[in-house]
Amino acid sequence: MIELFGVSKHFANETAVDGISLQIKRGELCVLVGTSGCGKSTTLRMINRLIEHDAGEIHLDGQPVRSFNEVALRRRIGYVIQSTGLFPHWTVARNIGLVPRLLKWPKAQISERVEALMQLLGLPLAEFADKYPHQLSGGQAQRVGVARALAADPDILLMDEPFAALDPLTRQGLQREMIELHARLNKTIVFVTHDMDEALTLADRLVVMDQGRIVQQGTPVELLREPATPFVESLLGGLDRGLKEAALIQVKERMLPFGPRLLASERIAETAPLSQALSVMLWHQVERLTVVDAEDIPVGELSLRRLLGVTAA
C-alpha cells in the first residue's frame, strides 16, 4: 500500500531522514516510534507531501506520490494531528463534513456520512453535532479529528502523535477505541508516537527510528524478544521487557480447562492481559485465578506456572 525506497530529507545542513526503505501492507497498523528528532514525523509528512522528500521514491499503490496532484493526494489520505486542527468557528458536524464538501458530495450523502461517523466514534448526533470545538473535552475533540480524517472514506490514515496531549486515562481509552476502529474498518494506518507503551499497544508492526534511520522493525513481540541494538533494548524498557510482553498476551491464551480442584476465589477476565493477572496474583498472594468470560461465567483457570509459560500447570 505504501512503499519508501531510499528516502532522505535534509533541512539546511541537518539530515532528518537518511535513506530509509519501508513497506507498509494494506490494512496494517504500522507505528513509527523513536525519541524526539529521530525523523518519524518527517517520514509521515512526506507520505502525503506536506514535506517533499529530497531523494528516493515514495509510492502509493505502486504509483509515485509526485505523480498525484498534491491537493488531491491529501484529500484521499486522512490526517490526524495532536492539536486536532479543528476550525474553532465551525460546529462539530461541519468540521467532520469538510473534505466531502470539498469533494462536492451531495448534501444528503454528507449528512449521512457525518451521522454514521459520529455514531461510530461515540459522539451522539443530538448531543454533539451543533457543539463547537471549545465546548469539547480533549478526548471528544480528538474523536472529532479522527471522524473528519475518515469522512471521505480514505484508504490511508496518517496519525501524528494524536493522543500525546491527553491525560493518561483518556489516552488509554482512545487507544482501545483505535484498536477496535482499525479492526472494524481495516484501514492502512501509519501512527507516530514517542510513547513506547502506546506503540506496543497499537502496532501490528513496529518501526524503530534513530537519527533518521530505521534501526529495527517487526511485530511488537519480535522486538521485545530480540532487540537488535542496545538502543532498541533501552527504548523497549530494558529489563521490563518481560512485563511489556505480558501486557500484549491475553489470559485466554494461557488458561487451562478446570482441573479437579475447587475454583480459585480470585477472578480474572479472559481478555485481560497476563500483566494484569500477575498483578492480581501478587496483590492477593495467590497462585491460581478463575478465568471468566464477558458474562462473568467461569471458563477456565490460570496458574502462576502457566502465566510464566511453564508447560505443566
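The values are calculated or read from the model by the stated rules, or taken from the named source; none is laboratory data. Note that the coordinates shown come from a computational prediction; the quantities given were computed from them, not determined experimentally. No Cβ is skipped: glycine too gets one built from the backbone with ideal geometry, and neighbour counts run over all protein chains shown. Only protein heavy atoms, including side chains, enter the accessible area calculation; ligands, DNA and RNA are left aside. Shrake-Rupley method; radii C 1.70, N 1.55, O 1.52, S 1.80 Å.
Going by the structure shown, is residue 222 open to solvent by 30 Å² or more (accessible area, probe 1.4 Å) and either among the aromatic types (Phe, Trp, Tyr) or at pLDDT 90 or above (or both)?
Values: open to solvent by 30 Å² or more (accessible area, probe 1.4 Å): yes; either among the aromatic types (Phe, Trp, Tyr) or at pLDDT 90 or above (or both): yes.
Criteria met by residue 222.
Does residue 50 qualify as being of a type outside the set (Lys, Arg), open to solvent by 10 Å² or more (accessible area, probe 1.4 Å), closer than 30 Å to residue 140 by Cα and without any contact (Cβ under 8 Å) to a residue 60 or more places away in the chain?
Details: of a type outside the set (Lys, Arg): yes; open to solvent by 10 Å² or more (accessible area, probe 1.4 Å): yes; closer than 30 Å to residue 140 by Cα: yes; without any contact (Cβ under 8 Å) to a residue 60 or more places away in the chain: yes.
It is true that residue 50 is of a type outside the set (Lys, Arg), open to solvent by 10 Å² or more (accessible area, probe 1.4 Å), closer than 30 Å to residue 140 by Cα and without any contact (Cβ under 8 Å) to a residue 60 or more places away in the chain.
Exactly one of (1) open to solvent by 80 Å² or more (accessible area, probe 1.4 Å); (2) touching a residue at least 40 places away in the same chain (Cβ under 8 Å); (3) assigned to a helix (DSSP H, G or I) is unmet by residue 88. Its number?
Every condition holds for residue 88 apart from (3).
Given the condition under 27 Å from residue 185 (Cα atoms), assigned by TED's automatic domain parsing to the domain that holds residue 210 and open to solvent by less than 50 Å² (accessible area, probe 1.4 Å), answer yes or no: does some residue in region 5-20 qualify?
There is no residue in region 5-20 that is under 27 Å from residue 185 (Cα atoms), assigned by TED's automatic domain parsing to the domain that holds residue 210 and open to solvent by less than 50 Å² (accessible area, probe 1.4 Å).
Tell me yes or no: at least one residue of region 192-207 is open to solvent by 40 Å² or more (accessible area, probe 1.4 Å), at negative phi and of a type in the set (Lys, Arg).
Taking region 192-207 first, the residues open to solvent by 40 Å² or more (accessible area, probe 1.4 Å) are 194-195, 197, 201, 204.
Going one step further and asking which of them are at negative phi, we end up with 194-195, 197, 201, 204.
Next, from what is left, pick out any that are of a type in the set (Lys, Arg): none.
No: region 192-207 contains no residue that is open to solvent by 40 Å² or more (accessible area, probe 1.4 Å), at negative phi and of a type in the set (Lys, Arg).
Restricting the search to region 147-189, which residues are polar (S, T, N, Q) and buried (at least 21 other Cβ atoms within 10 Å of the Cβ)?
Looking only at region 147-189, we keep the residues that are polar (S, T, N, Q), and these are 170, 172, 175, 186, 188.
The one that is polar (S, T, N, Q) and buried (at least 21 other Cβ atoms within 10 Å of the Cβ): 188.
Among the residues of region 150-191, write down those that are out of contact with any Lys or Arg (no Cβ under 7 Å at 6 or more places or on another chain) and among the aromatic types (Phe, Trp, Tyr).
191
Any residue at all in region 155-170 that is among the aliphatic types (A, V, I, L, M), outside any loop (DSSP other than H, G, I, E, B), assigned by TED's automatic domain parsing to the domain that holds residue 232 and modelled with pLDDT under 90?
Yes.
Suppose the filter is surrounded by 19 or more Cβ atoms within 10 Å (Cβ to Cβ) and at pLDDT below 95; does residue 313 pass it? Walk me through it before giving the result.
Working: surrounded by 19 or more Cβ atoms within 10 Å (Cβ to Cβ): no; at pLDDT below 95: yes.
Taking the combined requirement at face value, the residue does not satisfy it.
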